[in-house]
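Trainee: Below are the structure tokens for one structure; questions will follow.
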Amino acid sequence: MVKKIAEGSHAVAEVVRLLNPDVLAMYPITPSTHIPERLSDFESDGELDGTIIRVDSEFSAMSALVGASATGVRTYTATSSQGLALMHEVLFVASAMRLPIVITVVNRALSAPLNIFNDWQDSISERDSGWIQMYGEDSQEVADLMVQAYRIAEDKRVLLPVMVCMDGFFLSHTYDVIDVPEDLKGFVPPYKPEHAYLDPKRPQTQGAWAMQEPYFELRKELEEAVGAALPVIKEVHDEFAKVFGRSYGGGAIDVYGEGDTVVVSMGSVCTNLKVLADRLGFQVVRVRCYRPFPAEDVKKALEGKKAVAVFEKDVAYGTGHGALYNDVRACTTGKAVNFIVGLGGLDVPINALEKMCGEIDAMNDGETRWQR
Amino acid sequence: MSSEVISSGHSACAGCGEIIGERMVLEALGKDVIVCQATGCMEITTTPYPRTAFKVPWLHVTFENAASAASGIVEADRKLGRNTTVVAIGGDGGMMDIGVRALSGVMERGHDLMLVVTDNEAYMNTGIQRSSGTPKYAATTTTPAGSVVPGKREWKKSISRIAIAHGIPYVATASIGFPEDLVAKVKKAQGIKGPKLLHIYTPCPVGWGYDSSKTVYYAKKIVETGLWPLYEIENGKLTISQRPTFAPLEEYFTGQKRYKHIKPEHIKEVSERVKAGWKELEKQEKAGVDLMLLP
Amino acid sequence: MVGGVVTKVGSLDSNKTGSWRSFRPVIDREKCIGCGLCKKFCPDVCIEIKDKKAEVDYDYCKGCLICKSVCPVQAISSEEEEK
């Protein structure tokens, strides 16, 4: 392992190169673009084995990956915001067809108005697509999640696509000291599918349509599969910690500090929340795995606590809250409050976070504050 | 009973021209093939889970992405060390309208793919709505012939011309009424590396409102009238496959409910278009090169 | 199957579409020259040429009568199905 100063996007690209996907589809969109640019550098220097398809749109990116994965090879793409939204239709196909595609979502706000900066509305809006969603706190964790993601996706007990989410600009465009593994120590074995392949020697039909009953059953199976991925996600996290020496709590959630009040959030904002947790004496529960939602872990973490405050960069429009709050709300009968922060990349400085944490006691159960 | 590639028992309508075209193409390609099918009649009539009519590897993803999904298939196939013939196939809606971006993308990128458009000139699967492949004056459920508007107002789009503008090595038109010509073109295309596009005319008895036994009649007749030219463009060189006899257009329009309202002045207008179109085609055949080399 | 994959290829032949038929093509074996044109155009893949004569599989034939219309020697007639 070599520690080096690297941009978040470049660290992801380096790890993807090691993971050796056979087919990569690429379409530029800010702020995900540094990843395909760096992978293209590797290709031009003969350091990338996989074939890059420079597609005509994100819709075609996801479509090409579905075609490639259905044929039986490992695939990759990165995208953001409108790009992920354009993939929407195909995302549901990929998960239901149980194709272990892995993508990096560099989180960015959705239009309108057009805004290129970070929030989570893009990936949060795909939370019901049947994909596994993991959120990294820093670029090191995002790079490590990429390795874990392929292991999880291709595990015979899972066979689902995975989105690894990283905060746009805050992580994708900033430099950090990162351990980029030089080899993966056999952690991710080659992908050899037994369920889905397009091979003239073993013909099969993929993507058949279904009447009400088989449709209902296949959709139920998908929900069961997403749920059943949770123990595998934890297992892979633990094994990764053993092999690479880096651990992120328990895999599904990362619990930090002690206190009667719990602050729940995801992604890079948690780093400042952890600093405040030490200063103010509360606990941080960082959701690492958002889908499947680790409800039992969250319930356990919130048991007997005085209050929970959910900080998030997304809105579940029409519910009065963010999506993460609604998931956390279902895990506790105690007091829960919600802060909507950082939409469209609005800065969330540590002093603002500190002020918000100071307001929790005075807030009513169920209250949401939009913190500018 | 069944062929090597597709079984009986599919639920295509009696007299379906599109499934004749699909079978002719796949039988010509042989078994070392992977098929990527756009949403449409050919998908819905063949693959009701948990059964399938297909005997070759077959994938359906969505309506508008058969070509881009096929580009992923072919690149994966090559990474696996194989050289399988990969074919993306869809109707006029899936390939000429909603899937035209994907189609353009794969042609521009040069994937080693067969692109097949089985054209029945409307969205038949959803109930005969107008597409860019619907010919002028044809009535559909979204361009009905009324007291003021005589069916579709626009001319049919030329997907072959769009294809050749990408500089791809092979583009051809065919009709199921001329199976030898169709099969020869499929086989020739299969032997060419890179993207190749076949635009196949496949009549639809239900959508056009004619007796189901007349599918082959109309597939032949349109070629005889000159309204559907059979040609191929190989490396930019246009060759006409068959000269029409310029049979009267009435012989083609008659018996199709979609043209029931058509008036002599409409037929005259179409007829003039056919004449002008053939003049252009023959000019291009003589000139020798029809490859868009500069933007 | 995982992901709705279908491995029993050609299994749709369990769907007997012959019940759709209103008219039945009848082949006159005397006239039939076994040219195979009817087989080539049959949308339902249900005509075989056996001993140089066309045979219709009525389990699948939907009665479109394309075969009748393309037969070069008028060897195919049609009869209304009794319902």
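Trainee: Tell me, which residue of the range A:38-54 that is touching a Lys or Arg at 6+ places or on another chain (Cβ under 8 Å) and surrounded by 19 or more Cβ atoms within 10 Å (Cβ to Cβ) is farthest from the other protein chains (Cβ to nearest Cβ)?
Mentor: The qualifying residue farthest from the other protein chains (Cβ to nearest Cβ) is A:39.
Trainee: Looking at the range B:127-184 only, could you name the residues that are farther than 15 Å from residue B:207 by Cβ, among the polar types (S, T, N, Q) and assigned to a loop (DSSP other than H, G, I, E, B)?
Mentor: Result: B:132, B:147, B:158.
Trainee: For the range A:326-356, how many residues are of a type in the set (A, V, I, L, M, F, W, C), over 21 Å from the mean Cα position of the chain (by Cα) and part of a strand (DSSP E or B)?
Mentor: Adding up the residues that qualify gives 2.
Trainee: On to the next question. Residues in the range B:274-293 that are in contact with a helix residue (DSSP H, G or I) (Cβ under 8 Å, 6 or more places away or on another chain) and either modelled with pLDDT of 80 or more or of a type in the set (Asp, Glu) (or both): how many?
Mentor: 2
Trainee: Continuing with this model, one more query. Just checking, which of B:207, B:146, B:167, B:191 is small (Gly, Ala, Ser) and in contact with a helix residue (DSSP H, G or I) (Cβ under 8 Å, 6 or more places away or on another chain)?
Mentor: When all the criteria are applied, what remains is B:207.
Trainee: Name the pairs: first residue in the range A:273-295 and under 17 Å from residue A:305 (Cα atoms), second residue in a loop (DSSP other than H, G, I, E, B) and hydrophobic (A, V, I, L, M, F, W, C), Cβ to Cβ under 9 Å, at least 6 apart or on different chains?
Mentor: A:286/A:266; A:295/A:330; A:295/A:331
Trainee: Also, I was wondering about something else. If residue A:57 meets every condition in (1) of a type in the set (Ser, Thr, Tyr); (2) farther than 20 Å from residue A:168 by Cβ; (3) at the interface with another protein chain (Cβ under 9 Å from one of its Cβ atoms) apart from one, which number is that one?
Mentor: (2)
Let's see how each residue does on (1) surrounded by 14 or more Cβ atoms within 10 Å (Cβ to Cβ); (2) touching a residue at least 60 places away in the same chain (Cβ under 8 Å); (3) within 15 Å of residue A:132 (Cα to Cα); (4) in contact with a helix residue (DSSP H, G or I) (Cβ under 6 Å, 6 or more places away or on another chain):
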site: A:224; (1), (2), (3), (4): no, no, yes, no
site: A:229; (1), (2), (3), (4): yes, yes, yes, no
site: A:234; (1), (2), (3), (4): yes, no, yes, no
site: A:256; (1), (2), (3), (4): yes, no, no, yes
site: A:259; (1), (2), (3), (4): yes, no, no, no
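Trainee: Going by the conditions given, is residue B:59 surrounded by fewer than 24 Cβ atoms within 10 Å (Cβ to Cβ), more than 19 Å from residue C:17 (Cα to Cα) and facing chain A (nearest Cβ under 7 Å)?
Mentor: Taking the combined requirement at face value, the residue does not satisfy it.
Trainee: How many residues are facing chain B (nearest Cβ under 7 Å) and surrounded by fewer than 13 Cβ atoms within 10 Å (Cβ to Cβ) if we restrict to the range A:191-210?
Mentor: Adding up the residues that qualify gives 0.
Trainee: Here's something else I'd like to know. Determine whether residue A:171 is assigned by TED's automatic domain parsing to the domain that holds residue A:31, within 22 Å of the chain's Cα centre (by Cα), buried (at least 19 other Cβ atoms within 10 Å of the Cβ) and more than 30 Å from residue A:33 (Cβ to Cβ).
Mentor: So residue A:171 fails the test.
Trainee: What single numbered condition from (1) assigned to a helix (DSSP H, G or I); (2) among the small types (Gly, Ala, Ser); (3) more than 14 Å from chain B (Cβ to nearest Cβ) fails to hold for residue A:69?
Mentor: (3)
Trainee: How many residues are surrounded by fewer than 23 Cβ atoms within 10 Å (Cβ to Cβ) and closer than 30 Å to residue B:74 by Cα if we restrict to the range B:194-237?
Mentor: 8
Trainee: Scan the range A:73-94 for residues that are surrounded by fewer than 24 Cβ atoms within 10 Å (Cβ to Cβ) and more than 7 Å from every other protein chain (Cβ to nearest Cβ) and jot them down.
Mentor: Selection gives A:82, A:85, A:86, A:88, A:91, A:92.
Trainee: Then there's this: For the range A:332-356: of the residues being over 20 Å from residue A:31 (Cβ atoms) and among the small types (Gly, Ala, Ser), which is surrounded by the fewest Cβ atoms within 10 Å (Cβ to Cβ)?
Mentor: A:334
Trainee: Could you tell me which residue of the range B:39-50 is nearest to residue B:114 (Cα to Cα), considering only residues that are surrounded by 21 or more Cβ atoms within 10 Å (Cβ to Cβ) and within 8 Å of chain A (Cβ to nearest Cβ)?
Mentor: That would be B:43.
Trainee: Could you tell me whether the range A:145-156 includes any residue that is assigned to a loop (DSSP other than H, G, I, E, B) and either among the aromatic types (Phe, Trp, Tyr) or closer than 30 Å to residue B:74 by Cα (or both)?
Mentor: Yes.
The values are calculated or read from the model by the stated rules, or taken from the named source; none is laboratory data. Note that the structure is a prediction, hence the values are computed from the model and not measured. Glycine also receives a Cβ, built like all others from the backbone with ideal geometry; neighbour counts cover every protein chain displayed.
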